[in-house]
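The next block holds one structure in the form of structure tokens; read it before the comments.
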Amino acid sequence: MTESERTMTKERYSAKTLQDWASTLFVRAGLAEDRARTVADVLVEGDLLGHDTHGLQLAAPYLDEIAGGRMATAGEPEVVSDHGPIALWDGGYLPGPWLVRRAVEQASSRAREQGASTVVIRRSHHIACLAAYLRPVAEAGQLIILASSDPAVSSVAPFGGLTPVVTPNPISAGIPTEGGPILLDVSSSITTNGLTNRLHRQGGRLPHPWLQDGQGRKSDDPAVLFTDPPGTILPIGGQDHGHKGFALSLMIEAMTAGLGGYGRAEPERRWGASVFLQVIDPARTGGEGAFRHQMEALARSCRESRVPEGAPPVRLPGERGLERRRRQLETGVELSPAIADALRAKSAAMGVEVPAALG
């Protein structure tokens, strides 16, 4: 097999094998077993859903963050304020997937009692794939909204500007229906730091000019983000209608860094996340059954929309990811050689046995 063919060939592992492998690495790095398992589960869930830039691709960087003392391995989040329906935590740069899973559990429980619950987290470490947290809550009949920003990073310019100010600032939601849930996970920018960084390392290009260079010229080359002055990722809408993505990014900054009281006003520059989480229980409004019925009618109308001749039917957000998840649970999770190689390298350095891929 040539190197080019190998680069295109993905390896398959069972989801449990990957969870055990990653969990063992995180335990060896210093995380308690329950925290290591949670982080591993969230990363693998990202890969199961097809978000491979925010799945196990993050395992090696997370291990580096632990080794460098930039991801805390012990301690509890500080509850800065708690007024029942809304709470603020200071995460102290504890593992983001572990913090968010705990926050989701609390918010879901309180929403059952109070109708809605919001948890804002400041100074979390990176929280991985937002979509990875949604499915269980939505399947249980609750509406979940999750958004994040990274005060330490600037890679997206405001509409009309050249200087990067914000991050891709994703927002996600899990919406119950009478069938499978609608799972949306979108950035306020056209693409993400994870994809552009990966393509830059590989010498690849984006499928469309989703970037602008330091002089404002549209580009598909991630290398423009690493020049002086740097280029930027374009907001949703690009140079024509980017005011829409720019406006959305400002709202997410307000929900995360603004409500958390910690963001771009601080001089500290440390990789992490400001997080907004809200869970709403429809049983306390029009009723869970009525909510599911309304959303199912909407979903059905979207699927039944006419399409151009020869085009596939309309697909709702999350349908492809959930189908991929079902398939990969049966046949194995696909990992690119770059991700598998990074895990093998960490395993060799940390004395962890490397599991065999599926045949």
Net charge (Lys, Arg +1; Asp, Glu -1) of residues whose beta-carbon lies under 14 Å from that of residue 285, residue 285 excluded, is +1
Rounded to the nearest Å, the spacing of the alpha-carbon centers of the stretch 168-186 and the stretch 329-343 is 25 Å
At 4 °C and 1.567 mPa s, the Stokes-Einstein diffusion coefficient in µm²/s for the stretch 172-323, with hydrodynamic radius from the Kirkwood sum on alpha carbon pairs, is 69 µm²/s
Given a Förster distance of 41 Å, the FRET efficiency implied by the Cβ-Cβ spacing of residue 80 and residue 243, rounded to the nearest 0.05, works out to 0.75
Working note, the stretch 9-106: Cα radius of gyration (Å, one decimal) and Dmax (Å, whole number) are 14.4, 51
Binned at 20 Å from zero, the C-alpha pair distances of the chain give percents of 28, 61, 12, 0
Given 140-149, 301-310, the highest-first ranking by average Cβ count within 10 Å works out to 140-149, 301-310
Scalar couplings 3J(HN,Hα) for the stretch 37-48 by Karplus 6.51 cos²θ - 1.76 cosθ + 1.60 (θ = phi - 60°), nearest whole Hz, x for Gly and Pro, are 5, 5, 4, 4, 4, 5, 5, 5, 4, x, 5, 4
Residues whose modelled amide H sits under 5 Å from the amide H of residue 165, counting only those 5 or more places away in sequence or on another chain, are 155, 156, 157
Here the percent of antiparallel bridges among DSSP beta bridges lying wholly in the stretch 75-130, to the nearest 5, is 45 percent
In whole percents, the bins of 10 Å from zero upward hold the Cα-Cα pairs of the stretch 135-252 as 15, 41, 27, 14, 4, 0
For 109-115, 311-317, ranked highest to lowest by mean beta-carbon neighbours within 10 Å, the order is 109-115, 311-317
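Just subtract the alpha-carbon distance of residue 327 and residue 305 from 0.36 nm times their residue separation and send over the number in nm, one decimal. Write down the numbers at each step before the final one.
Values: separation 22, 0.36 × 22 = 7.92 nm, distance 2.65 nm.
Extra length available between residue 327 and residue 305 comes to 5.3 nm.
So what's the net charge close to residue 219: Lys and Arg +1, Asp and Glu -1, counting the other residues with Cβ under 12 Å from its Cβ? Each step should come with its number before you reach the end.
Values: positive: 205, 217, 218; negative: 213, 220, 221.
Summing Lys/Arg as +1 and Asp/Glu as -1 gives 0.
Let me check against my output: what whole-number percent is the relative contact order of the stretch 67-109, with C-alpha pairs under 8 Å and at least 6 apart? Intermediate values should be presented prior to the final figure.
Working: 37 pairs, mean separation 14.7, N = 43.
Once divided by the residue count of the stretch 67-109, the mean separation gives 34 percent.
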If every Lys and Arg gets +1 and every Asp and Glu gets -1 at its Cβ, then about the Cα centre the chain yields a dipole, in debye to the nearest 20, of 260 debye
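Using Cα pairs closer than 8 Å and at least 6 residues apart in sequence, work out the relative contact order for the chain, in percent. Can you show the working numbers first?
Numbers: 738 pairs, mean separation 82.5, N = 359.
It rounds to 23 percent for the chain.
For every helix of n ≥ 4 consecutive DSSP H residues, a contribution of -39,500 (n - 2.57) applies; sum these over the chain, divide by its total residues, and give [θ] at 222 nm rounded to the nearest 500 deg cm²/dmol. Walk me through the intermediate numbers first.
On the way: 12 runs with 138 residues, N = 359.
Value at 222 nm, helices only: -12000 deg cm²/dmol.
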Amide H contacts under 5 Å for residue 116, restricted to residues at least 5 apart in sequence or on another chain and with H modeled in the peptide plane, are 281
Surrounding charge for residue 154, neighbours by C-beta under 11 angstrom, Lys/Arg +1, Asp/Glu -1, total +1
Here P(r) for the stretch 226-284, Cα-Cα distances in 10 Å bins, as whole percents, is 18, 31, 38, 10, 2, 0
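Which value in Å is the Kirkwood Rh of the stretch 51-192 over different Cα pairs?
On the way: mean 1/r = 0.0611 Å⁻¹.
Across the stretch 51-192, the inverse of the average 1/r is 16.4 Å.
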Taking only the alpha carbons of the stretch 111-187, the radius of gyration and the largest Cα-Cα distance, Dmax, both in angstrom, are 15.2, 47
The stretch 1-96: relative contact order from alpha carbon pairs under 8 Å, six or more residues apart, as a whole percent, is 19 percent
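No value in this document is a laboratory result; all are computed from the given coordinates. Keep in mind it's a predicted model, so treat the numbers as computed, not measured. Using ideal geometry, Cβ is built from the backbone for each residue, glycine included, and neighbour counts are taken over all protein chains shown.
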